[in-house]
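The values are calculated or read from the model by the stated rules, or taken from the named source; none is laboratory data. Computed from a predicted structure; not experimentally measured. Cβ: placed from backbone, ideal geometry, glycine included. Neighbour counts: every protein chain shown. Only protein heavy atoms, including side chains, enter the accessible area calculation; ligands, DNA and RNA are left aside. Shrake-Rupley method; radii C 1.70, N 1.55, O 1.52, S 1.80 Å.
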Amino acid sequence: MNQPDANLNAEDLVEVLTFDLRRETFALEAGLVREILDLTAETEVPGAGAFVGAVINFRGKVIPVADLSFAFGLGQREATRDSRIVVVELDLDGDPTLIGLRADKVHEVATLSMAATEAAPRVGMRWRQDYVRCVGRRGGEPLIIPDLACIFAHRGEPGASAAHIHSLH
Amino acid sequence: MSDQDPREIFRTEARDLLEEIEQGLLDLVEGTDDRELVNAVFRGLHTLKGSGAMFGFDALAAFTHHCETAFDRVRKGEVRATPDLITAVLNARDHMRALVEDGAVGREAEGEELLADLHRVLALADGPAAADAADPTTWRIGFSLPANAMVNGINPLALLAELRSLGACEVVASTDAVPMLGELVPTECHLAWTVVLHTAEPRAAIEEVFIFVMDEMNLEIEAIDGVEIVAAEEAEAKVDETALGGQASPGQEGRQAQAEARKGGESVRVPAERLDELMDRVGELVIAQSRLKQLASASTDTALRSVSEEVERLAGELRDTMMVVRMVPISTLFGRFRRLTHDLSRDTGKAIELSTRGEATELDKTIIERLADPLIHLIRNAADHGLETPEQRLAAGKPIEGQLTLSAVHSGAEVVITLSDDGRGIDRAKVRAKAEESGLLAPGAAITDAELLQMIFQPGFSTASAITSLSGRGVGMDVVKRTIEGLRGTIDITSTPGQGSHMSLRIPLTLAIIDGLLVRVGEGRYVIPLAAVEECVELSPEQDARSTGRSMISLRDEFVPFLRLRELFSTNLPSEPHQKLVVVSTGEERVGLVVDQIIGDHQTVIKALSKLHADVETFSGATILGDGGVALILDVAHLVAAGQQLEKRLAAAS
């Protein structure tokens with residue numbers, strides 16, 4: 001139930017939480033989500049790097065806050081009233097770990113049909129191919145389903161990628 | 001006692017029995033022919049067989065039955081308990097343990113082999129032991145059973161029949177406790193019996209009759225020619241004590257301490273997870289109470305403040321009690337090593353004696369578990385490489401038995417565990433050669449003796465010319481060091497060539513709570529473990545300006561390297577006027593840390609950082625402050641090392 005990617009292909013319809021990071025919309029399995037928090041006091045971790053630069057107090061535990069926009073090279077964030085931290089539970093090297101994911105705006109829980117998704121295109125992508133599981137559609141716009149296991153295994157390293165002029169829009 | 005799986009209940013009891021059997025066998029190795037020890041081991045096997053059968057562990061019961069029969073011959077004095085025999089029974093015990101823990105599937109062949117071995121050794125050991133022939137004695141046995149005994153399946157007639165089988169009996173029943181017919185419940189037992197028994201069997205045989213009901217009944221056994229009257233609850237403890245009364249060897253001392261600790265006062269079995277949960281709750285309570293205190297001190301409501309103080313006191317006491325609850329004597333660990341030493345002795349062909357001190361020293365239970373593997377490895381190392389063969393030892397004028405000494409003692413907020421051997425010591429030349437060969441050390445580079453010895457903790461390091469099955473592959477010592485450091489501990493070695501080596505492990509008493517100094521650097525708050533803080537001094541703006549570009553500060557007459565945490569943490573904020581210098585040390589080396597403000601003492605619960613931050617070596621954990629914010633805990637060892645590097649670079653540059 002908590003394995004992020006194992007069952008995603010087993011059934012056609014999956015419940016996902018959709019959210020924005022800059023101008024891109026992402027989706028992740030709703031089953032992974034533990035809580036959605038408003039922005040709260042954060043503690044910076046000097047020397048930790050931009051991917052997991054801070055920690056927060058979540059119900060008495062100290063959990064890292066990860067910024068997927070860093071992994072996808074989406075540029076600097078600006079905190080707004082809509083900013084949220086989505087707390088998920090992921091398997092890191094065999095241990096279930098609570099991680100807070102930054103989101104500029106959280107949309108809704110939607111049902112996604114896996115059959116209607118496509119593999120990430122080989123050209124025209126600004127970011128690492130292995131970080132994207134597949135791409136769906138939401139209201140006519142692309143919906144990116146990230147490969148969280150891969151992103152965290154590589155600790156969010158964006159990798160060398162030339163800035164492509166093409167975009168998916 | 002609610003919905004626990006009966007098989008699990010048995011497993012827990014079985015583990016204790018197996019432990020006792022093992023310790024008993026090891027005691028026998030040291031002092032063979034002690035009848036009471038033999039009887040104790042036999043009783044353990046007998047109980048294991050009976051309970052095993054009752055709970056459905058048939059393979060175990062069958063196997064144990066054979067061992068029991070074999071050991072019965074020792075008990076009867078027909079066979080001596082030779083070291084080979086004891087080893088065979090020890091191996092059988094391991095098999096029994098496997099049957100209990102992992103089940104019987106696929107183990108039949110192994111069991112057969114062990115039994116064949118046992119019988120073979122038995123045949124070799126045949127011959128009457130130099131036992132004391134027991135003279136026929138007359139005993140008066142008085143016993144009564146609880147009212148629900150028969151409902152629970154105890155048949156008094158069977159007990160009486162068994163007593164009869166020991167010798168001539170005269171049985172008198174007492175009907176004093178039987179209620180009037182109208183009140184009598186037919187299934188209840190209200191009778192008590194007095195039996196006068198004439199037998200050549202030892203007292204232990206009589207007690208054995210009651211072995212399954214011992215806990216719930218009243219039993220009195222009195223030799224009519226004189227001496228002891230013993231009540232049942234104390235019967236077992238008395239037997240142990242009289243057995244141990246004669247000789248007091250260190251192993252027996254430990255066993256006695258353990259047996260007494262278990263019998264003295266009531267104790268309750270609690271699953272370890274519940275203790276951990278409780279600890280978490282107490283930790284969170286401490287945090288919540290801290291916030292309450294903040295709110296109360298900002299308020300003028302006296303009632304609120306007084307309640308807050310009360311809660312603070314209670315939370316503190318609760319936390320102190322929790323710390324004690326989790327403490328377990330290190331004897332549980334040391335006990336395992338006796339078996340290890342016995343096996344090592346046989347495997348290496350060296351005579352090894354393990355002596356232990358400070359068995360009652362207590363440690364947090366989670367720490368003890370994590371110490372097991374490192375200590376096992378260190379003992380193996382000492383046995384394999386440290387101690388010489390008997391011939392070498394004789395040639396060197398040493399006693400033939402190699403000495404290993406394990407000791408544990410409290411020292412402030414730490415426990416110090418040491419392992420010494422009187423072997424050949426560490427060969428500096430070999431270590432140096434290996435270090436240079438591995439590129440860890442430039443040939444001819446100057447290095448202190450202590451640093452040279454620490455080289456053996458490098459991964460892949462081994463000066464053993466021959467790899468044995470025990471050690472020599474070079475994967476052990478670095479794991480040992482990492483494990484100890486994972487416990488926030490340190491490991492030191494000293495060694496004298498020709499005389500022996502001495503490993504010393506220092507571990508903090510608890511992993512869960514830390515006394516810290518809360519400081520502010522820029523906008524962040526950080527905790528420095530108080531145990532590492534030597535002193536705090538003001539850093540005046542002039543001193544600050546003078547030291548720019550340098551990284552040494554003059555403290556009294558010494559130079560101390562220092563790190564500006566503001567720079568280390570890249571805060572990009574300007575200096576503050578009233579900076580402080582906190583001097584921390586790891587025993588021998590020091591470094592000064594420049595902070596913007598010292599906020600105060602803070603006792604806090606340590607929270608681990610996730611794996612995503614495992615590579616940030618500056619911090620060893622985090623803690624939650626009274627206002628709900630997070631403060632990172634500085635890793636002093638890392639910072640001191642960073643300071644040392646800085647110092648070296650400066651020394652090299654000048």
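Packing, taken as the mean count of other beta carbons within 10 Å per residue, orders the peptides B:516-525, A:131-140 from highest to lowest as B:516-525, A:131-140. Positive-end ranking of B:531, B:571, B:521 along the dipole of segment B:513-653, with charges on Cβ about the Cα centre, is headed by B:571.
On segment B:513-653, 49 percent of the accessible area sits on carbon and sulfur atoms, based on a 1.4 Å probe.
For the chain pair A and B, the interface hides roughly 1700 square angstrom of accessible area in total, found with a 1.4 Å probe.
Would you mind pulling out the separation of the Cα centroids of segment B:134-182 and segment B:417-443, in Å? Their Cα centres are 68 Å away from one another. For segment A:75-92, the Karplus equation 6.51 cos²θ - 1.76 cosθ + 1.60, evaluated at θ = phi - 60°, returns couplings of x, 5, 9, 10, 6, 10, 5, 8, 4, 9, 10, 8, 8, 10, 10, 10, 8, 10 Hz by residue, with Gly and Pro reported as x. Computed about its Cα centre, the charge dipole of segment A:13-166 is approximately 340 debye, with only Lys, Arg, Asp and Glu carrying charge at their Cβ. Given +1 at the Cβ of Lys and Arg, -1 at the Cβ of Asp and Glu and no other charges, the dipole of segment B:272-328 around its Cα centre is 120 debye to the nearest 20. Taking every alpha-carbon pair within the protein assembly as shown, the share separated by more than 51 Å comes to 36 percent. Protein heavy-atom surface of segment B:363-463, 1.4 angstrom probe: 56% of the accessible area is carbon and sulfur, with nucleic acids and ligands not counted.
Accessible surface area normalised per residue over the protein assembly as shown is 50 Å², counting heavy atoms of protein chains with a 1.4 Å rolling probe.
For segment B:272-328, the Cα-based Rg and Dmax, in that order, read 13.4, 45 Å.
Leaving out ligands, DNA and RNA, what percent of the accessible area of segment B:272-328 is carbon and sulfur, probe 1.4 Å? Reported share for carbon and sulfur atoms: 56 percent. Are there residues in segment A:55-79 whose accessible area shrinks by at least 20 Å² when all protein chains are included rather than the chain by itself, and which are they (probe 1.4 Å, ligands and nucleic acids not counted)? Checking the loss per residue gives A:55, A:57, A:60, A:62, A:64.
Inter-chain neighbour count for B:514-525: the average number of beta-carbon atoms from partner chains within 10 Å of each residue's beta-carbon is 1.
Within 10 Å of the Cβ of each residue in B:611-623, the mean number of Cβ atoms contributed by other protein chains is 5. D by Stokes-Einstein for chain B, Kirkwood Rh over Cα pairs, 4 °C, 1.567 mPa s: 43 µm²/s. Charging the Cβ of each Asp and Glu at -1 and of each Lys and Arg at +1, and nothing else, the dipole of the protein assembly as shown about its Cα centre rounds to 3020 debye. Here the spin labels are modelled as points 7 Å beyond Cα on the Cα-Cβ line, and at residue B:276 and residue B:164 they lie 5.5 nm apart. In segment B:513-653, inverting the average of 1/r over every pair of distinct C-alpha atoms gives 15.5 Å as the Kirkwood radius.
Estimated from helical segments only, the mean residue ellipticity of the protein assembly as shown at 222 nm is -12000 deg cm²/dmol, where each DSSP H run of four or more residues counts as -39500 (n - 2.57). In a fully extended conformation the segment linking residue B:98 and residue B:638 would gain 190.1 nm over its present Cα-Cα distance, using 0.36 nm per residue.
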